[in-house]
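In what follows, a structure is listed as structure tokens, so that the remarks can point back to it.
The values are calculated or read from the model by the stated rules, or taken from the named source; none is laboratory data. Since the model is a prediction, treat every value here as computed from it, not as a measurement. Every residue, glycine among them, receives a Cβ derived from its backbone with ideal geometry; neighbour counts consider all protein chains shown. Areas reflect the complete protein model, heavy atoms only, side chains present, ligands, DNA and RNA absent. Shrake-Rupley method; radii C 1.70, N 1.55, O 1.52, S 1.80 Å.
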Amino acid sequence: MGYFLGLIVVLTALWTGSSGEYTLTKPLIATLGAISILLSALLAYRFDIVDREGSPYARLLPLLAYWAWLVIEIFKANWVVIKACLRSTLDINPALVKVKTGCESDLARTVFANSITLTPGSVSVEVEGNKILVHALYEDSAGPGAFDEMDRRSREACDGKASK
């Protein structure tokens, strides 16, 4: 029931922010918004997707902390890619590597794969089970253990489980 109420609160906040209707001066728009929010929440409940993974609001603070850490990592990776672009010689050594993840939920695997893609110089190509195929500009930066910290942090943020 908590996930269902959380979904309604988030949908209401999203609708309010998207519509720009912060007062109830237009009853037709407010009524249609309430109907769409309730219909969306009821459909999600009916499809049985209102769960910990479909409504991860309890993990909001750890996810925000993870994204703050990720922004710093993105800036670091940007610096490496900028230096590679500005050199007179192209000294990249691209590689495809399989990265094993300890993430258990689909949400955690998705966050981890998207984090790899958001980081300049690397792209998640394929996710298959607990392995992610990654294309990297530098083979050295994609070696064993290169993504362990990101995997650990995304697992802790999404699954709530510390390293094993």
Which one of the conditions (1) closer than 19 Å to A142 by Cβ; (2) open to solvent by less than 90 Å² (accessible area, probe 1.4 Å); (3) of a type outside the set (A, V, I, L, M, F, W, C); (4) part of a helix (DSSP H, G or I) does G102 fail to meet, given that it meets all the rest?
-> (4)
Between a first residue in region 56-74 that is within 19 Å of L7 (Cβ to Cβ) and a second residue that is part of a helix (DSSP H, G or I) and modelled with pLDDT of 95 or more, which pairs have beta carbons less than 8 Å apart while being 6 or more apart in sequence or on different chains?
-> none
So which pairs qualify, if the first residue must be in region 1-17 and under 12 Å from Y45 (Cβ atoms) and among the acidic types (D, E), the second must be in a helix (DSSP H, G or I) and at pLDDT 80 or above, the Cβ gap must be under 8 Å, and the two must be at least 6 apart or on different chains?
-> none
Only residues that are within 14 Å of the chain's Cα centre (by Cα) and open to solvent by less than 40 Å² (accessible area, probe 1.4 Å): list them for region 147-164, please.
-> M150, D151, S154, R155, A157, C158, D159
When P144 is run through (1) of a type outside the set (A, V, I, L, M, F, W, C); (2) out of contact with any Ser or Thr (no Cβ under 7 Å at 6 or more places or on another chain); (3) surrounded by 16 or more Cβ atoms within 10 Å (Cβ to Cβ), the failure sits at (3)
Would region 116-124 turn up any residue that is touching a strand residue (DSSP E or B) at 6+ places or on another chain (Cβ under 8 Å) and either of a type in the set (A, V, I, L, M) or surrounded by fewer than 13 Cβ atoms within 10 Å (Cβ to Cβ) (or both)?
-> yes
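To keep it simple, each residue is scored yes or no on (1) under 28 Å from L61 (Cβ atoms); (2) among the basic types (K, R).
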site: T119; (1), (2): yes, no
site: V123; (1), (2): no, no
site: E126; (1), (2): no, no
site: L133; (1), (2): no, no
site: L137; (1), (2): no, no
site: E149; (1), (2): yes, no
site: R155; (1), (2): yes, yes
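Condition first: hydroxyl-bearing (S, T, Y) and over 26 Å from I82 (Cβ atoms). Now tell me which residues in region 94-142 satisfy that.
Within region 94-142, the first condition is being hydroxyl-bearing (S, T, Y), and the residues that meet it are 101, 105, 110, 115, 117, 119, 122, 124, 138, 141.
Once the filter is applied, which keeps residues that are hydroxyl-bearing (S, T, Y) and over 26 Å from I82 (Cβ atoms), region 94-142 yields T101, S105, T110.
Which of the residues spanning region 136-162 are in a loop (DSSP other than H, G, I, E, B), at negative phi and at pLDDT below 85?
Residues satisfying the conditions are E139, G143, P144, D159, K161, A162.
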Residue that is modelled with the highest pLDDT, among those in region 105-115 that are surrounded by fewer than 22 Cβ atoms within 10 Å (Cβ to Cβ) and not charged (D, E, K, R) = N114
